[in-house]
1. Could you please let me know if residue 347 is open to solvent by 30 Å² or more (accessible area, probe 1.4 Å), closer than 21 Å to residue 423 by Cα and either more than 16 Å from the ligand (Cβ to nearest atom) or touching a residue at least 12 places away in the same chain (Cβ under 8 Å) (or both)?
2. Taking the stretch 425-464, which residues are among the hydrophobic types (A, V, I, L, M, F, W, C), touching a residue at least 60 places away in the same chain (Cβ under 8 Å) and near the ligand (Cβ under 8 Å from one of its atoms)?
3. Can you tell me which residues in the stretch 413-432 are closer than 23 Å to residue 284 by Cβ and under 16 Å from the mean Cα position of the chain (by Cα)?
4. Of a type in the set (Lys, Arg) and in contact (Cβ under 8 Å) with a residue 24 or more places away in the chain: does that describe residue 173?
5. Select, from 158, 139, 110, the only residue that is touching a residue at least 60 places away in the same chain (Cβ under 8 Å), at positive phi and of a type outside the set (Val, Ile, Thr).
6. Need the failing condition index for residue 461 against (1) touching a Leu at 6+ places or on another chain (Cβ under 8 Å); (2) open to solvent by less than 70 Å² (accessible area, probe 1.4 Å), just the number.
7. Restricting attention to the stretch 365-382, and to residues there that are more than 15 Å from the ligand (Cβ to nearest atom) and part of a loop (DSSP other than H, G, I, E, B), which single residue is least open to solvent (accessible area, probe 1.4 Å)?
Amino acid sequence: MTTVREASFDLFRELGITTMFGNPGSTELPMLADFPADFRYVLGLQEAVVVGMADGFAQASGQTAIANLHTAPGVGNAMGAIFNAQANHSPVLVTAGQQARAQITLQANLTNRDAIRMPHPLVKWSYEPARAEDVPLALAHGAHLASLPPKGPTFVSLPMDDWYAEVEEADAREAIARRVNGRAAADPAAIRVLADRVDGAANPVMVAGPDIDAAGAWEEAIALAERQRLPVWATPATGGGRLGFPENHPNFRGVLPPAIGPIGQTLEGHDLILVVGSSVFPYYPHIPGPLLPEGARLVAITSDPDEAARAPMGDALVADVKLTLAALLADAPESSRPALEPNPGPREIPPADPLDSSTVHSALKEVFPEDGIVVLESPASTLALRNQLRLSRPGSYYFSAGGGLGFGLAASVGVQLAQPDRPVVCVLGEGSAQYAITAFWTAAAYKVPVTFLVLRNEEYAILKWFAEVEQVAGAPGLDLPALDVAAVAEGYGIEATRAGDRDAVRGALEKALASSRPELVEVPVAPGMSLF
Ligand SMILES: Cc1ncc(C[n+]2csc(CCOP(=O)(O)OP(=O)(O)O)c2C)c(N)n1
């Protein structure tokens, strides 16, 4: 015989999950008793931060991450972050403690009385084991399912007295020592048809999405674009949580706009649109128009059956993105289409006084390390950052595909923990920073050396832009006077610098990037959107 606790930690070891993100309460303490020395517990001070860190860690490590929350209120606090993890296709096993079984029916304090239903629409699977001895099997189920396509969060509710229960050792071993591989290849006949369609098109184009990065398929995407002379657009920034194609590549054309009419206009002239590893499309503002340009057809490759099924137009092939691109490459010949005009690269940004976000990002570009990673949540400067940095390595960019603020600051800590050898720069609007502000404490306490760059424009700039698009006048609540993020970060133990001109920004970023501790650079910038 062994205990639920021993079997569960053996399961985590077997799955390579030795970092646990959590915020503990009385109902989680039995799980954490005699915490094994080969595990690391990363404390988040609020549950949205716990799940946000786990989301970043899962994406940047490629492994399922565990986020342990405190019964119903902990799950409640984390709901926005679970929503983001689902949109990000991030494999997070969310667990929450529960009252002792003897006190669930009588609803003792902190009973999660509808534990399964609570996170339900935001997770792939939600469960509370029927018997204590089923806990290891339920955790295995949740962890495997989280890692199968489409990857995403799952939830297991864990009554606090289950951890001491005994389980049959042989049964536990069977449940633990399993491998589940979710990489499914596409139908070879469908691949041949698609290869012919791409090669036979007069003017095909590729749209690269986040699941190219998640699948490790950059090389295949580049090889296909080069062999077939495909211009490549990045899927709209709203849903492009990761980059699927090098933004300094001569074939790269830019980031698609996030609305129906403008996408149709941007892709005008193409007769075949090959979408790889993205939904079709992550639209945001409703700007109507034809879904496709005149005469164009569309084919999407996605590992997510729901993305394939819900697309409003085009055909879809549901399969692993890397295997599918590799198979397409084997079937697609060298194209005889003329070579493409190379992309002109980032715009020169003339000096601006007062500073604007484009100038700040052009300074960041000058000091940004080759192997750097950006975690971005600075809504009004998203495009300026993409246009200036032209990130061009796999695993270099994380952004909330869900659009819920609070991802960036928390996820950057998880990304840095997963990639300790790559410098992480977290670019935040001063408004966005507030949704996960306590993550500063975790970064400081665990010496996670993220460089935080905070753009302080004293407003919700993107919402003022939206107000114009939506023709809304006189909306309140769009200004943020006197929000001093540097002072708040200092309170959490982060060293902060205020930089007021381009040289100071550059110098402060250089210093922060060289530091082995987290540092923050706060920069006042002009209000409004920055596009280039
Ligand atoms: C959880 C959540 N609440 C509210 C919003 C709406 N929202 C989108 S952008 C934004 C403003 C963010 O402000 P800031 O980070 O200062 O960026 P700026 O727009 O000034 O670049 C808000 C409130 C959201 N996306 N998510």
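The values are calculated or read from the model by the stated rules, or taken from the named source; none is laboratory data. This one's a predicted model, so the numbers in the text were calculated from it and none came from an experiment. Cβ coordinates were reconstructed from backbone atoms using ideal geometry, including for glycine residues, and neighbour counts include every protein chain displayed. Note: accessible area is taken over every heavy atom of the protein model, side chains too, but ligands, DNA and RNA are not part of it. Shrake-Rupley method; radii C 1.70, N 1.55, O 1.52, S 1.80 Å.
1. Details: open to solvent by 30 Å² or more (accessible area, probe 1.4 Å): yes; closer than 21 Å to residue 423 by Cα: no; either more than 16 Å from the ligand (Cβ to nearest atom) or touching a residue at least 12 places away in the same chain (Cβ under 8 Å) (or both): yes.
Taking the combined requirement at face value, the residue does not satisfy it.
2. Our first condition is that a residue be among the hydrophobic types (A, V, I, L, M, F, W, C); within the stretch 425-464, this holds for 425-428, 433, 436-437, 439-441, 443-445, 448, 450, 452-455, 461-463.
Filter once more, so that each one left must be touching a residue at least 60 places away in the same chain (Cβ under 8 Å): 425, 427, 436, 439-441, 443-445, 448, 450, 452-455, 461-462.
455, 461, 462 - these are the residues of the stretch 425-464 that are among the hydrophobic types (A, V, I, L, M, F, W, C), touching a residue at least 60 places away in the same chain (Cβ under 8 Å) and near the ligand (Cβ under 8 Å from one of its atoms).
3. The initial filter retains those residues of the stretch 413-432 that are closer than 23 Å to residue 284 by Cβ, namely 426-432.
Result: 426, 427, 428, 432.
4. On the way: of a type in the set (Lys, Arg): yes; in contact (Cβ under 8 Å) with a residue 24 or more places away in the chain: no.
Here the answer is no, as residue 173 does not meet what is asked.
5. Details: 158 fails: at positive phi; 139 fails: at positive phi.
Testing whether each residue is touching a residue at least 60 places away in the same chain (Cβ under 8 Å), at positive phi and of a type outside the set (Val, Ile, Thr) leaves just 110.
6. Against the list (1) touching a Leu at 6+ places or on another chain (Cβ under 8 Å); (2) open to solvent by less than 70 Å² (accessible area, probe 1.4 Å), residue 461 comes up short only on (1).
7. 372
Results for (1) open to solvent by 30 Å² or more (accessible area, probe 1.4 Å); (2) within 28 Å of residue 282 (Cβ to Cβ); (3) more than 16 Å from the ligand (Cβ to nearest atom), shown as yes or no for each residue.
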{"position": "52", "(1), (2), (3)": "no, yes, no"}
{"position": "63", "(1), (2), (3)": "yes, yes, yes"}
{"position": "68", "(1), (2), (3)": "no, no, yes"}
{"position": "77", "(1), (2), (3)": "yes, yes, no"}
